[in-house]
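Taken together, the values in this text are just the output of simple stated rules run on the coordinates, not laboratory data. These figures come from a predicted structure and were not determined experimentally. Backbone-built Cβ (ideal geometry, glycine too); neighbour counts: all protein chains shown.
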Amino acid sequence: MVEALFGLSSNQSNGNQSKSLPLLFDCPITTYATNQLKEVAPLLRAVEAAAKSGNWAVLMLSYEAAPAFDGSFKTRQPGPLPLAWAAVFDRPSASKPKVRAGAYSLTAWKPQVTRSEYDHAIKRIRELIARGDTYQVNYTFPLVATFSGDPGACYRDLCHAQGAEYCAYLDLGRYKVLCISPELFFERNGDSIKTKPMKGTIHRGRWAAEDEELAQQLAASPKDRAENVMIVDLLRNDLGKISVPGSVRVSKLFEVERYETLWQMTSTVESTLRSDVGLADVMAALFPCGSITGAPKIRTMEIIRELEPFPRGIYTGTIGFI
């Protein structure tokens with residue numbers, strides 16, 4: 001059974017989620033999935049058309065869908081998950097999300113790169129920064145574990161532990177996708193759009209005074225401010241492609257947000273969209289988000305493909321609803 005849950009039930013809420021959540025979707029009218037780049041944009045247009053006719057839709061894009069929007073974006077060959085997946089629903093379910101009490105187990109996470117491979121990648125990135133090829137690279141690698149039991153219960157526990165605002169659980173049948181993220185890719189309301197890139201992180205303190213000192217340390221950090229403003233500038237440029245001239249603005253810069261285990265530097269960039277801009281246009285301008293690639297985007301994605309030996313899949317892709 002295809003099912004999608006955004007947030008948690010009210011008595012399970014981690015305290016950070018939007019007042020519009022939770023939203024539970026089940027019994028879809030139709031579903032879409034593709035592993036073909038040429039079919040990604042048509043899928044988005046079909047989903048948007050369904051939403052405009054009064055339905056709701058849930059959407060998932062893998063990182064490797066990026067070349068569908070710009071052939072200059074280079075990625076690894078995609079993994080087993082679809083490049084794009086969507087489901088259309090009449091409306092959110094009137095039923096409250098069930099409290100998941102099932103048991104589950106998870107083995108220790110194992111990194112899929114060796115220490116020497118990691119050290120080589122970091123050395124290479126520093127060389128490329130010094131050479132002027134890139135300003136920053138969001139280098140990642142996968143960790144793998146064996147899971148058994150109830151994934152919904154695992155999702156509940158992760159939401160509580162992380163205290164993240166943007167949580168989603170997708171049951172696609174063969175695959176279960178759990179997303180626990182503090183970061184908003186973008187939110188559109190009518191012709192208004194905002195994105196909240198995150199760059200700059202520090203751990204929480206052990207007591208109140210230390211905690212506040214660490215927050216102030218992050219807020220004043222030249223390194224973290226430099227990383228953050230690079231991505232803010234990238235997103236200002238990306239939004240400018242689809243926005244009314246002169247409407248792109250940074251409403252919050254270097255805001256330090258508190259989470260369960262860390263402080264996070266976040267900025268907010270907003271604009272007014274042109275009247276002809278649809279979902280596929282927004283994705284073409286913004287996807288993948290600059291905060292999970294680095295800058296400049298095209299060259300940095302080439303570096304990511306060179307140094308990361310595995311496809312990212314849904315990790316650093318996106319999940320959302322319309």
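Observations on the structure shown:
- The label-point distance for PHE147 and GLU213, in a model that sets each label 7 Å from Cα toward Cβ, rounds to 3.9 nm.
- Helix-derived mean residue ellipticity, 222 nm - over the chain, DSSP H n ≥ 4, -39500 (n - 2.57), to 500: -9000 deg cm²/dmol
- Each listed q (0.15 Å⁻¹) maps to a log10 I(q)/I(0) for the stretch 66-131 from the Debye sum over equal C-alpha point scatterers, namely -0.99.
- Highest mean first, the peptides 253-266, 81-94 sorted by other C-beta atoms within 10 Å per residue fall in the order 81-94, 253-266.
- Length-normalised contact order for the stretch 147-273 - Cα pairs under 8 Å, 6+ apart - percent: 26
- Under 5 Å between amide hydrogens, built in the peptide plane, is the criterion, and for ASP133 it picks out nothing among residues at least 5 positions away or on other chains.
- Taken about its Cα centre, the stretch 20-97 carries a charge dipole of roughly 60 debye when the Cβ of each Lys and Arg holds +1 and the Cβ of each Asp and Glu holds -1.
- The stretch between ARG204 and GLU187 holds 3.3 nm of extra length on full extension. This uses 0.36 nm per residue minus the Cα-Cα distance.
- Environment charge of MET198, counting only residues whose C-beta is closer than 9 Å and scoring Lys/Arg +1, Asp/Glu -1: 0
- Assigned charges on the beta-carbon of Lys, Arg, Asp, Glu; the chain dipole about Cα centre (debye): 240
- Mean Cβ count within 10 Å, highest first, over the residues of peptides 190-197, 210-217: 190-197, 210-217
- Under 16 Å from LYS241, Cα to Cα: lysines that are on another chain or at least 8 residues apart: LYS194, LYS297
- Label point distance in nm, ALA94-GLU117, each placed 7 Å from Cα along Cα→Cβ: 5.2
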